[in-house]
1. ³J(HN,Hα) across the range A:199-211 via Karplus (A = 6.51, B = -1.76, C = 1.60, θ = phi - 60°), whole Hz, x for Gly/Pro?
2. Rounded to the nearest 0.05, what FRET efficiency is calculated for B:Arg71 and A:Ser411 with R0 set to 51 Å and r the Cβ-Cβ distance?
3. Per residue of the range A:428-433, what does 6.51 cos²θ - 1.76 cosθ + 1.60 with θ = phi - 60° give for ³J(HN,Hα)? Whole Hz please, x for Gly and Pro, Karplus curve as stated.
4. Tabulate in residue order the Karplus-calculated ³J(HN,Hα) for the range A:409-421, using 6.51 cos²θ - 1.76 cosθ + 1.60 with θ = phi - 60°, rounded to whole Hz; enter x for Gly and Pro.
5. Considering only DSSP states other than H, G, I, E and B, which trypsin sites (Lys or Arg not before Pro) in the range B:1-89 qualify as loop sites with at most 14 other Cβ atoms within 10 Å?
6. Can you give the percent of C-alpha pairs in chain A whose distance is more than 40 Å?
7. Give the calculated FRET efficiency between B:Val136 and B:Tyr48 to the nearest 0.05, with a Förster radius of 60 Å applied to their Cβ-Cβ distance.
8. List the aspartates and glutamates whose alpha-carbon lies under 19 Å from that of B:Lys110, not counting same-chain residues fewer than 8 positions away?
Amino acid sequence: MSTAIDDAGDRRGKRVMWTYIVCGLSIFTLMLLVGILLRGSQAAWFALDAGVFYSLLSLHGVGMLTALTISGLGTLWYLVNRETPLNEGVAYVAFSLFVGGVAAVIVSVVVGHYGALWTMLYPLPFVGTYWPSWATGAWLIGTLLVMVGFTIWCAQILGALVVRFGGLNGMLGIDYVLRNRAFVQSGKEPPAPEMFAAAITAIDGFIAATAGLLVGIALLVHWLDPTVALDPLWAKNLTYMFGHTFANLTMYMAVAGIYVGLPLCTKRSYHTSVQLTVAWWATLTFVIIAYFHHLYMDFAQAQSVQYIGEIASYLAAIPVVVVTVYGGVLLVHRSGMRWTLGSMFLFAGMIGWVVGGFAAVLDATIPVNVDLHNTLWVPGHFHTYLLEGVVLFTLGWVFVNLEARSGGQTSALVRWLVGVGMFGGGALFLLSFYLAGAAGVPRRYAVEPAPGPFFANIATIGALVLLAGFILAASEALRLARLKPAHVPL
Amino acid sequence: MDSSVVLKIFLVVAVLAIVLLLWLANYRQSTPLAQSDLTARGYGIRRYWFWCTLIVAFAVYAITIPAFPYRKAQASVNARHYSVIAQQYGFTLPAVVPLDTPVVFDVTAKDVNHGFGIYDPGGRVITQVQAMPLYVNHLAVTFTVPGRYRVRCLEFCGIAHAAMQGSFDVK
């Protein structure tokens, strides 16, 4: 693939990317273990004190999202750097803030036993707490540092893309769609698909981070001076505007793996099309207000917002999934592609995206949400989306790079074992959430009512099988990384 | 909408999607085609697939609007109102609620956000609403099955969240 930078620039870009990805996947591994502890405790394999359970759940939630965000941002940074050279110092400043934020959150949980979860719905972090006040402050400062790092990343990418494509018009492919014939006849080319992923992440990320900073600073002010009161509904809106968008964008970061990784596996190319561009516009517009579905059960919220919420949730996700996955399948279909760990993860990630996305769309349908809101269905869909979608895209991207760099292959036996572990174990783990959710088992219960513990047993077994598959994949990644470079260009 | 029906729809669609995608990925990989041989037909189909999905999305949206819960409380002008107050870690609830009669629960919280989730005697969630400090949410329900209904907190509210429950009788 042609790039706009020289070899030295590419090497610097790769260094940034691997710094982000290795850090992200390391945090992910730690959080995976924490998650298994939580599910094992719900299955009564051992007893966790409720306070410890909620502290670990707080860490697991924010840690996972931060881990996947860091990995995705590293990948996108590298891809944008190939298109238009970026200052790596800025990337390392943002990275330092992420690391500082994670450290503050870990101190807050491990030392301070903070336990108001990553959503920290006001006034919860300050009322009925079983942890010292400083732990709430450390948690708030930690999450604010992550938001500031994210804002810096978004600003850098946004600025670079605007300059590279001559303004928002070029960056978002507006002329390409609205004046397509003239655009094509002039010999111009629209941005590559992965540039849309970067642009939408940067724009919506910037807006979401602003909302997050606003509510985060307000909470910090309340922490410093409890007489300053906030409106709970206002705080809830901003919290979810940031939180939902932040979580959703991890997918749009990782999806670059399809646009760039799958073409390498199939020796075909993924082109920008009018449908793809329009689909990304839909995501750009609606992902920022799709969070309304988190407040469906807040009847005090303006009714118009509830009515917008359902259709916005559909339009934020459906067009881009439909177009991207269709294009991805078209790349693979009869391409003569050999299955490697890289191609297997990328393709399986598309399946996870479709299945998790469909479960999310069902839950975003208001008459369905009335029964499923805050049941285990909710972690069911976002674990599918994240674990069998975002994580697989990330691993797929990692392996495509390692396989291209080393020219090394993974044996069929190891591929099968990894597949059985990560997909078989994953299916068992995820199915238990859906079955328990449909049976009305609430989420975020340290001790679940029946039939929760029965499904938690199945989930824990599934998670352990998944962990075995993940460890095998990680050891295979290390083996490929140690092989002598074969100088296959990426 | 009954959760068991939603679960069945989900499982059927998920299995079909997985089988279809795997079949498309593995179909005749040993006899590859040039990308140009697939592009015109493939992208032609995608155009219809794209618009069909959008039409289905808008149709589902339109169909579900009448089942939205928001106007029910306003429409239940003659309903009896019952106050519900949530507080770490319990509910102030009515002891008895009438059968086959529209009722409205006026739900609020004294301290932090809680959830007011109603489970029928069979243990199924039949409806819910959030309980939030400074706000009152009006939840309209007509109970058609007598028995003891359990209430669980469905919004994380602190260390004893899992123990926060109550009940009332419908007769």
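1. 5, 5, 4, 5, 5, 5, x, 5, 5, 5, 5, 4, 4
2. According to the calculation, E is roughly 0.25.
3. Karplus values, whole Hz, x for Gly and Pro: 4, 4, 6, 4, 5, 5.
4. Rounded to whole hertz, the list is 10, 9, 5, 4, 4, 5, 4, 5, 5, 5, x, 4, x.
5. Loop-located and lightly packed - B:Arg28, B:Arg71.
6. Details: 20195 of 119805 pairs.
Result for the distance tail: 17 percent.
7. On the way: r = 48 Å, r/R0 = 0.80.
The calculated FRET efficiency here is 0.80.
8. A:Asp231, A:Asp298, B:Glu155
Read the figures in this text as sums done on the coordinates, not as results from a lab. The model shown is predicted, which means the values in this text are computed figures rather than measured ones. Glycine gets a Cβ as well: all are built from the backbone with ideal geometry, and neighbour counts include every protein chain shown.
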